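The values are calculated or read from the model by the stated rules, or taken from the named source; none is laboratory data. Please read all numbers here as calculations on a predicted model, not as lab measurements. All Cβ positions, even for glycine, are placed from backbone atoms using ideal geometry, and neighbour counts span all protein chains on display.
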Amino acid sequence: MDFKLNNKSPIPLHSQIEAYLRTLIKEDEYRNGNSFLPKEVTLAKKLGVSRNTVRQAVNTLVNEHLIERKKGVGTKVVNKKIATRLDHWISFTKEMRKQGIKVVNYLVSISLVAAPKEVYDALAVSKSKELWRLEKIRGSKEAKYLYSVSYFHPRVGITGDEDFTTPLYELLENTHDTIVATSKERISAIKANKELSSILELPLNMPILKRDRLVCDPGDRPVEYNIVYYHTDYFTYDIEIKREF
């Protein structure tokens, strides 16, 4: 293994390992899922870091469905799945402003809670910590467009006293000096259960769009884990993908 960590770099060690793993999974030996990736404990020993540092990098790729971990077996590249990166995004409020629609906040609620396991894994935070949970129901005066739930990394410094009716990422930058740079997203179609049907005022089992998003800062450190449910009668999600040569 020729890869070595740069301990003098401002880039976190787990981010350097993540970048190395992204390169590794493109190699013929691994990309078709025929061979297992090096074990976490092996990488940790060779790189001179804790196993938790390696696991944080591995978890990021697992959450993006690029690799899969099987207990007692090993970790390998997920076969026949495509991960799409979105190169640009703007806030819902700004998107609505561009279309001349005034945003209505039907619900804005902030609370300190014990989060689901996948949130702790994505944010790489100890499960013993409670996280700030922000819920929003937003739309226009005609209808509710979306229901969103955000969890924030404790590093951000959320207090619960912020004005969350303002655009979120402007608030994070202006109030907490936290700049978001990367959005890692997973989009799926689901059926609205009883709870979502009630929240968005739509028929039970109606198809809706679900988006899971991990938002990171310029150092690729997790800032926010966000889940959004979209009423598809009022909202579409457009993606532009550039072909690589």
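Somewhere in the stretch 157-176, is a residue touching an Asp or Glu at 6+ places or on another chain (Cβ under 7 Å) and either surrounded by fewer than 20 Cβ atoms within 10 Å (Cβ to Cβ) or under 30 Å from I17 (Cα atoms) (or both)? Give the steps one after another, and end with the answer.
Applying the first criterion (touching an Asp or Glu at 6+ places or on another chain (Cβ under 7 Å)) to the stretch 157-176 yields 171, 175.
Within this subset, residues satisfying the condition of being either surrounded by fewer than 20 Cβ atoms within 10 Å (Cβ to Cβ) or under 30 Å from I17 (Cα atoms) (or both) are 171, 175.
Within the stretch 157-176, one or more residues are touching an Asp or Glu at 6+ places or on another chain (Cβ under 7 Å) and either surrounded by fewer than 20 Cβ atoms within 10 Å (Cβ to Cβ) or under 30 Å from I17 (Cα atoms) (or both).
Checking S140, S188, S183 one by one, the residue that is touching a residue at least 12 places away in the same chain (Cβ under 8 Å) and surrounded by 15 or more Cβ atoms within 10 Å (Cβ to Cβ) is S183 and no other. Across the stretch 126-144, which residue is nearest to H231 (Cα to Cα) among those that are part of a loop (DSSP other than H, G, I, E, B) and either basic (K, R) or modelled with pLDDT of 95 or more (or both)? Per the criteria, the residue is K141. Looking at the structure I just gave you, is A57 at pLDDT 85 or above, in contact with an Asp or Glu (Cβ under 7 Å, 6 or more places away or on another chain) and more than 30 Å from K141 (Cα to Cα)? Yes; evaluated as a whole, the condition is true for this residue. How many residues does the stretch 1-52 hold that are hydrophobic (A, V, I, L, M, F, W, C), out of contact with any helix residue (DSSP H, G or I) (no Cβ under 7 Å at 6 or more places or on another chain) and assigned to a loop (DSSP other than H, G, I, E, B)? Qualifying residue count for the region: 2. Applying a threshold of 7 Å to beta carbon distances and a minimum spacing of six or more residues, or different chains, the list of pairs starting in the stretch 205-233 at a residue that is farther than 22 Å from L134 by Cβ and ending at one that is small (G, A, S) and part of a strand (DSSP E or B) reads P207/A189. Acidic (D, E), modelled with pLDDT of 90 or more and not assigned by TED's automatic domain parsing to the domain that holds R221: does that describe E40? Against the criterion (acidic (D, E), modelled with pLDDT of 90 or more and not assigned by TED's automatic domain parsing to the domain that holds R221), E40 qualifies.
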